[in-house]
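The values are calculated or read from the model by the stated rules, or taken from the named source; none is laboratory data. A quick note: this is a predicted structure, and the numbers were derived from the prediction, not measured. These accessible areas exclude ligands, DNA and RNA; they are computed on the full protein's heavy atoms, side chains included. Shrake-Rupley method; radii C 1.70, N 1.55, O 1.52, S 1.80 Å.
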Amino acid sequence: MAQLLEALGAPQRAYPVFHIAGTNGKGSTVATLDALLRAHGLRVARYTSPHLVDFAERIVVDGRPMAHDAITAWLTEREPLLTSLGATFFEATTAMAFCHFAAAKADVAIVEVGLGGRLDATNLVDPVAAAVTQIGFDHMEYLGDTLERIAGEKSGIFKAGRPAVIGDTRPSIRALLQRHAEHVGATPILVNGRDWTVQDVRLSAAGTAFTLTGAAGAVAYQTPLVGAFQAHNCAVALAMLEGGGGRWRDVLTAAPSALSGVRLAGRFHRAGRWLFDVAHNADGAATVVANLEAIGAVRPVVAVVSVLRDKDWRGMLQTLAGAVDRLILTNTPTAPASRLWPLDEVVAWAQSAGIPVEPVPVFAEALHRAEAHTPAHAPAHARAQGATILVTGSFHTVGDAMQRLQVDPLAR
């Protein structure tokens, strides 16, 4: 990756970068920084993954995705270089994003780690500030099977002489991340629970209100994103600006009002009676359940669920079962064949666990069934409309549903 970027003229050095890693909360933190920096009048680039509907969602400048013809032209011109270096899909995509941001003359870029941190293709930036959000169990085949090992990989984005922001809510994980930051010589190191505290979190359909006590004293904030953890994700974004100092700290002045511009597709994202959430582990499902309760979701709540085979789908179904009125299980079309969950096995397990489920293998039919809220065995006169329809389980699940329902992930 270093060779590739040098051959391309080191585009990642053409603009300041905020770098963000973590199991959960990266996307929310990116979206919050994006809104705050754009409200400050800056031309902001952001690099995220995966996409929901369109590949170009990954590479955005000033709210606009990279044009399809520009993507094709860039790849066509650099194909010999990419092939000669054996660049992977994600390495090529990352290099293209960095080049696009330079060509678009971005004032600042917000870069989300793809996987882990230490060995991630994005980890060649020299960040204004680097943050690790919440750590959880995911990608254990690559990152390790303990939270300590996973945290060690995530903390690999901390750099000597650069601010490190630690957002995890658990003291033991925070202490571990802090030791890693100190070991590499990051400075300053800002830690949740030590340098700031989040209090008085209140959820509603309008978002998440909370009080943040830090260097500026106690300040009230509200983000449009719903969820108790959204208060902590928002605080990480604010701490990154604080840690960056100088002109970045100046952005905080208007932060309470600028937060109204935060948008994040697929994270408790509402479109009419449809509700989309890319939760793909038990922790994520627990957050969805808490949010449903907090906003008083209109019943009945029907959930369309499709989880990848290698995720903790048992934990997710156990968590969701007590909070929704019907669980429709399906397979999503864009999921890799090797990662499709075994629907027959899932149904058998659910039945043995006493969880009522309805398998509908065809994705489009599952969406239709949820909308009509019609069990396969129900007579016509018993049909009832699902008042709230939750689509969850993976980025593939949410993206495929949004595409079929014509919901634009980048709409404001």
Exercise for the section: Give the accessible area for C99 in Å² (nearest 10); use a 1.4 Å probe, count only protein heavy atoms, and leave out ligands, DNA and RNA. Expected result: 20 Å²
Practice task
Just need the relative contact order of the chain here, percent rounded to a whole number, with Cα pairs under 8 Å and 6+ apart.
Solution key: 15 percent
Problem - Inter-part distance where segment 1-38 and segment 152-166 are each reduced to a Cα centre, Å - result: 14 Å
Exercise for the section: Treating the angle as unsigned and between 0 and 90°, give the value, to the nearest 10°, between the Cα long axis of helix 282-295 and the longest Cα principal axis of the chain. Expected result: 70 degrees
Fill in the blank from the handout: In degrees, nearest 10, the alpha-carbon axis of helix 363-372 is tilted away from the dominant principal axis of the alpha carbons of the chain by 60 degrees
Fill in the blank from the handout: With a 1.4 angstrom probe the carbon and sulfur portion of accessible area for segment 1-133, in percent, totals 53 percent
Fill in the blank from the handout: Per GNM of the chain with C-alpha springs under 10 angstrom, the most fluctuating residue out of A14, A215, A231 is A215
Problem - Under the Karplus curve 6.51 cos²θ - 1.76 cosθ + 1.60, θ = phi - 60°, whole-Hz ³J(HN,Hα) for segment 336-350, x wherever Gly or Pro sits - result: x, 4, 6, 10, 4, 6, x, 4, 4, 5, 5, 5, 4, 5, 4
Practice task
Skip the ligands, DNA and RNA, and give the accessible area per residue of the chain with a 1.4 Å probe, whole Å².
Solution key: 41 Å²
Practice task
Excluding residues on the same chain fewer than 8 positions from K154, give the aspartates and glutamates whose Cα lies under 17 Å from its Cα.
Solution key: E112, D120, D126, D138, E141, D145, D168, E182
Exercise for the section: Measure out, as a whole number of angstrom, how far apart the alpha-carbon centroids of segment 175-219 and segment 320-377 sit. Expected result: 38 Å
Handout entry: With Cα atoms, 0 to 90° folded angle of helix 228-244 axis to the chain main axis
Key = 10 degrees
Problem - L238, L119, reordered so the largest accessible area comes first (probe 1.4 Å) - result: L119, L238
Handout entry: Vicinal HN-Hα couplings computed from phi for segment 65-76 (Karplus, 6.51 cos²θ - 1.76 cosθ + 1.60; Hz; Gly/Pro x)
Key = x, 4, 5, 4, 5, 5, 4, 4, 5, 4, 5, 5
Fill in the blank from the handout: A 1.4 Å probe over the protein heavy atoms gives segment 335-376 a carbon and sulfur accessible-area percentage of 59 percent
Practice task
Go ahead and estimate [θ] at 222 nm for the chain from helices alone: -39,500 (n - 2.57) per DSSP H run with n ≥ 4, summed, over the residue count, rounded to 500.
Solution key: -11500 deg cm²/dmol
Practice task
Would you kindly derive the ³J(HN,Hα) couplings of segment 388-402 from the backbone phi angles with the Karplus curve 6.51 cos²θ - 1.76 cosθ + 1.60 (θ = phi - 60°), listing them in order in whole Hz, with x for Gly and Pro?
Solution key: 10, 10, 9, 10, 7, x, 5, 4, 4, 4, 5, x, 5, 5, 4
